[in-house]
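Peer 1: Sharing a structure here in structure tokens format.
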Amino acid sequence: MSATSFSFEYAFLGVTAAAAAAYAWAARNDRPPAWRAWLYALGLILIAAALNSPLETIAAKRLLLVHLLQNALIADVAPLLVLLGLTPGMRAWLNAHGARRIRARYALPAWLLAWYGTHIAGFYSWALETGWALNIEHAILIAGGLVFWCPLVSGRLGPPAALAYLGAGFVASSFLGLALIFSSRPVYSFYETTPRLWGLSPVRDQNLGGILMNGEQTLVFLLAIGWYVWRLLEEEQQASLSSS
């Protein structure tokens, strides 16, 4: 199969279509501002495009670094965009139907379990070799991302708690990328025998994949941390003004 050929995970085309339809239905009585609707749409597009395009072909049949980028997009970026696209009314409905039970003390270990569990060599290679099991891998990552960002987007964490939560998540999740960056032997045997692209050896592919994945996570987490630092400083400024 050519690297430019399209590969499909049809389950996620169905899921994103259903999510878009549910959003449109909810928006009839709770009209979101345009920026929220765009964020929600972008989150769904990232999921659908990452898993149903030549990116999927390269990830599943050529290069580990593209697979790692794909996983980072659907685990870190897309879930956050989807949740930010929800209106307060939509979030209230989700809270009333169980989302309020997602607490930070449970969400962080659940997300880390999803992140590291899906990248264990045995599971990763099994998913790639069977093909259909990639749907399971990607569903776990998307669900883990939604669970991780939920306590933050819900507003239940104040700036100090949010900064601690993000800091712990950032540090704890970085070891996977670091292990891939500094490894001198292939971790995933599947990619030792796949046709190569761009002259990358399996080890070089793996090292670059770790750099790309850690770079993406660093950018996302630093942006989120910066947002909460700004909020913390703003709260301190308002407190000093009210006390003077």
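The values are calculated or read from the model by the stated rules, or taken from the named source; none is laboratory data. The model shown is predicted, which means the values in this text are computed figures rather than measured ones. Cβ coordinates were reconstructed from backbone atoms using ideal geometry, including for glycine residues, and neighbour counts include every protein chain displayed. For accessibility, only protein heavy atoms count, side chains too; no ligands or nucleic acids. Shrake-Rupley method; radii C 1.70, N 1.55, O 1.52, S 1.80 Å.
Peer 1: For the structure I just gave you, tell me whether Leu81 is under 18 Å from Ala143 (Cα atoms), touching a helix residue (DSSP H, G or I) at 6+ places or on another chain (Cβ under 8 Å) and in a loop (DSSP other than H, G, I, E, B). Talk me through it step by step, then tell me what you get.
Peer 2: Details: under 18 Å from Ala143 (Cα atoms): yes; touching a helix residue (DSSP H, G or I) at 6+ places or on another chain (Cβ under 8 Å): yes; in a loop (DSSP other than H, G, I, E, B): no.
For Leu81, the condition - under 18 Å from Ala143 (Cα atoms), touching a helix residue (DSSP H, G or I) at 6+ places or on another chain (Cβ under 8 Å) and in a loop (DSSP other than H, G, I, E, B) - is not met.
Peer 1: Of all the residues that make up segment 223-239, how many are surrounded by 13 or more Cβ atoms within 10 Å (Cβ to Cβ), out of contact with any Leu (no Cβ under 8 Å at 6 or more places or on another chain) and either closer than 21 Å to Ser174 by Cα or of a type in the set (Val, Ile, Thr) (or both)?
Peer 2: Number satisfying all stated conditions: 1.
Peer 1: Quick one: which residue in Ala60, Ala114 is part of a helix (DSSP H, G or I), open to solvent by less than 20 Å² (accessible area, probe 1.4 Å), touching a residue at least 40 places away in the same chain (Cβ under 8 Å) and closer than 25 Å to Val187 by Cβ? Lay out the reasoning, then the answer.
Peer 2: Numbers: Ala114 fails: touching a residue at least 40 places away in the same chain (Cβ under 8 Å).
Of the residues listed, the single one that is part of a helix (DSSP H, G or I), open to solvent by less than 20 Å² (accessible area, probe 1.4 Å), touching a residue at least 40 places away in the same chain (Cβ under 8 Å) and closer than 25 Å to Val187 by Cβ is Ala60.
Peer 1: Let me ask something additional. Give me the residue from segment 134-192 that is of a type in the set (A, V, I, L, M) and not in a helix (DSSP H, G or I) and, out of that set, modelled with the lowest pLDDT.
Peer 2: Going residue by residue through segment 134-192, those that are of a type in the set (A, V, I, L, M) are 134, 136, 139-143, 146-147, 152-153, 157, 161-164, 166, 168, 171-172, 176, 178-181, 187.
The next check asks that each one be not in a helix (DSSP H, G or I); those that pass are 157, 187.
Details: Leu157: 91, Val187: 94.
Checking each candidate, the answer is Leu157.
Peer 1: Out of the residues in segment 169-183 meeting the condition of being within 28 Å of Met90 (Cβ to Cβ) and not hydroxyl-bearing (Ser, Thr, Tyr), tell me which one is least open to solvent (accessible area, probe 1.4 Å).
Peer 2: Restricting attention to segment 169-183, the residues satisfying the condition of being within 28 Å of Met90 (Cβ to Cβ) are 169-170, 173.
Subsequent filtering for residues that are not hydroxyl-bearing (Ser, Thr, Tyr) retains 169-170.
Values: Gly169: 0, Phe170: 53 Å².
Only one residue tops the list, namely Gly169.
Peer 1: Is it the case that some residue within segment 220-235 is part of a loop (DSSP other than H, G, I, E, B) and under 19 Å from Tyr116 (Cβ atoms)?
Peer 2: Taking segment 220-235 as the starting set, the residues that turn out to be part of a loop (DSSP other than H, G, I, E, B) are none.
The answer is no, given that none of the residues of segment 220-235 is part of a loop (DSSP other than H, G, I, E, B) and under 19 Å from Tyr116 (Cβ atoms).
Peer 1: Name the pairs: first residue in segment 151-166 and open to solvent by 10 Å² or more (accessible area, probe 1.4 Å), second residue assigned to a helix (DSSP H, G or I) and β-branched (Val, Ile, Thr), Cβ to Cβ under 9 Å, at least 6 apart or on different chains?
Peer 2: Close Cβ pairs satisfying both conditions: Leu163/Ile225; Leu163/Val229.
Peer 1: Which one is most open to solvent (accessible area, probe 1.4 Å), of the residues in segment 184-199 that are over 11 Å from Ser125 (Cα atoms) and of a type in the set (Val, Ile, Thr)?
Peer 2: If we take residues in segment 184-199 being over 11 Å from Ser125 (Cα atoms) and of a type in the set (Val, Ile, Thr), then Thr193 is most open to solvent (accessible area, probe 1.4 Å).
Peer 1: Continuing with the same structure: If a residue must be open to solvent by less than 50 Å² (accessible area, probe 1.4 Å) and assigned to a helix (DSSP H, G or I), how many such residues does segment 1-45 contain?
Peer 2: From segment 1-45, those open to solvent by less than 50 Å² (accessible area, probe 1.4 Å) are 3, 5, 7, 9, 12, 14, 16, 19-20, 23, 26-27, 30, 32, 36-37, 39-41, 43-44; that's our starting set.
Applying the additional criterion that residues be assigned to a helix (DSSP H, G or I) yields 12, 14, 16, 19-20, 23, 26-27, 36-37, 39-41, 43-44.
Result for segment 1-45: 15.
Peer 1: Here's another thing I want to ask about it. Does Ala48 fit the bill of being touching a Ser or Thr at 6+ places or on another chain (Cβ under 6 Å) and buried (at least 18 other Cβ atoms within 10 Å of the Cβ)?
Peer 2: Working: touching a Ser or Thr at 6+ places or on another chain (Cβ under 6 Å): yes; buried (at least 18 other Cβ atoms within 10 Å of the Cβ): yes.
Answer is yes for this residue.
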